[in-house]
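Here is the structure we will look at.
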Ligand code: MRU
């Protein structure tokens, strides 16, 4: 998508690979919306750290980063001994898999790369196949997001207000996004609508990333506090909810997504508001049989006990409540302790929404009730039984 840099719109992808120096270029999402910076990872260990530290985040984006990181690790191997090479790639795989445990996209992405590598008979051939397969995963991520945008845009009518949670936008994928793809397609079709972005504490991806994205694309939007959605639904101010997912179980239709998604689904159900989940095929887990088996990432307590942001000058304070031009130079980035200094915190990163609260799953192949995923598994990329 386009990013305005010094008054000019330039197209960017969240993640890309530089073949010549075996480096991965990532938009540093920790610094947005105050600073737009590209960070390069030089080896697979740095790539895994960038995923854990959330330089890059969001299911599809970490899927593509893991695919590239796996190829990066494979390409860094020196020698022609195949058994040694496969031990090395196993280490790379395990490290990248552990970097963020809840999302299944990195595992599906790396499995796709490993499968493609099997056609190679030498280390060199397998290294070349790994990079080609990682590039194909990234291209497929873009195609899937465009396709689910086409299907999802049919749900958006003129004058609607759409609620979204966390960031399932183009920053969470290689491009276009999952939950935001229907919005961007509807915008291109000339529809007018308004988006409410849940702030999404504790890391505030809605307030920082989704709001920044929508502002860059000129989509009408406002940030709301996480606790405001129930009140707004009760007053008829929300017509539709679209969220993303980090792991959707193909067998049961359960959806793991950013903490707070389940609460919004319960509220939407209470108020009869349609609740949709948008996913590319790489987000489907065809193996697990229960949402209780999904590993839920526990993140650091500091995320709950305080917040990162930029320091505003005291003179800017009175104008903070109204939208305004970004300052020429961003304030200093700082962590502010909010909670009582002697208290600890519990910080589960994700929750699981059961299928009965979900109106439909928007996929690149169409929109399905969650429990129909398993029936449609042949169209939805379920690997054949071994
Ligand atoms: O912890 P994050 O920022 O990686 O979590 C992201 C989300 O939960 C998104 O909603 C999700 O990835 C779905 S869309 C990619």
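For the chain, set up a GNM with springs between Cα atoms under 10 Å and report which of 294, 24, 38 has the largest fluctuation. Looking only at 294, 24, 38, the biggest GNM fluctuation is shown by 38.
Mean-square fluctuations from a GNM of the chain, with a 10 angstrom spring cutoff on Cα atoms, peak among 81, 347, 22 at 81.
Rounded to the nearest 10 degrees, the inclination of helix 105-117 to the longest alpha-carbon principal axis of the chain is 20 degrees. Taking other C-beta atoms within 10 angstrom as a stand-in for reagent exposure, 28, 246 fall in the order 28, 246, fewest first. Once both labels are positioned 7 Å from their Cα atoms along Cα-to-Cβ, the gap between residue 371 and residue 332 label points is 5.8 nm. Gain in length, residue 311 to residue 237, computed as 0.36 nm per residue apart minus the alpha-carbon separation, to one decimal in nm? Full extension of this stretch gives 23.4 nm more.
Restricting attention to the chain, close to 60% of DSSP beta bridges with both partner residues there are antiparallel. Here, the chain has an Rg and a Dmax of 20.7, 67 Å when only alpha carbons are counted.
Work out how much length residue 302 to residue 266 would gain on full extension: take 0.36 nm times their residue separation and subtract the Cα-Cα distance, in nm to one decimal. Using 0.36 nm per residue and subtracting the Cα-Cα distance, I get 10.2 nm.
Taking the number of Cβ atoms within 10 Å of each Cβ as an exposure proxy, the fewest-first ranking of 105, 147, 300 is 300, 147, 105. Could you tell me which of rounded, prolate or oblate describes region 2-146, using a ≥ b ≥ c as the square roots of the eigenvalues of the alpha-carbon gyration tensor, with rounded for a/c under 1.5 and, failing that, prolate when a/b is larger than b/c and oblate otherwise? In terms of gyration-tensor shape, prolate. Peptide packing: for 247-254, 56-63, the average count of neighbouring Cβ atoms within 10 Å per residue gives the ranking 56-63, 247-254, highest mean first. For the pair residue 125 and residue 84 in one chain, pulling the backbone fully straight at 0.36 nm per residue adds 13.3 nm over the alpha carbon distance.
Values in this text are rule-based calculations from the coordinates and carry no lab data. Quantities reported herein were computed from a predicted structural model and do not represent experimental measurements. We place every Cβ from the backbone using ideal geometry, glycine too, and count neighbours over all the protein chains shown.
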